[in-house]
1. Figure the gain on full extension for V23 and I50 (residue separation times 0.36 nm, minus the Cα-Cα span) and round it to one decimal in nm.
2. If you place +1 on the Cβ of every Lys and Arg and -1 on the Cβ of every Asp and Glu, how big does the dipole about the Cα centre of the stretch 2-51 come out, in debye to the nearest 20?
3. Could you give the alpha-carbon Rg of the chain over 2.2 N^0.38 Å, rounded to two decimals?
4. What number of lysine-lysine pairs in the chain show an alpha-carbon separation below 13 angstrom, given a sequence spacing of 8 or more or placement on distinct chains?
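Values in this text are rule-based calculations from the coordinates and carry no lab data. These numbers were taken from a predicted model, which means no experiment stands behind them. As a convention, Cβ positions derive from the backbone with ideal geometry for all residues, glycine included, and neighbour counts pool all protein chains shown.
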Amino acid sequence: MSEWIYCSVCGNKIRDRIRKDTVLKNDPLYCPKCKGETLIEVNNLKVTVIKKPDARTQSR
């Protein structure tokens, strides 16, 4: 059994999947849709966000 990882910023499904025995620590998760990057930890199919991205400045 495996599940998809979802972006914590936009909620889009990421290309990565996790299994029940997957363990990740300080993994940078990149979302191609919103181009945001978040640090996550995964243990027993539970995804925990460590650091959300900082506010980006708007370019003109």
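1. Between V23 and I50, full extension yields 8.3 nm more.
2. Rounded to the nearest 20 debye, it is 120 debye.
3. Rg over 2.2 N^0.38 Å, computed on Cα atoms: 1.19.
4. Qualifying lysine pairs in the chain: 6.
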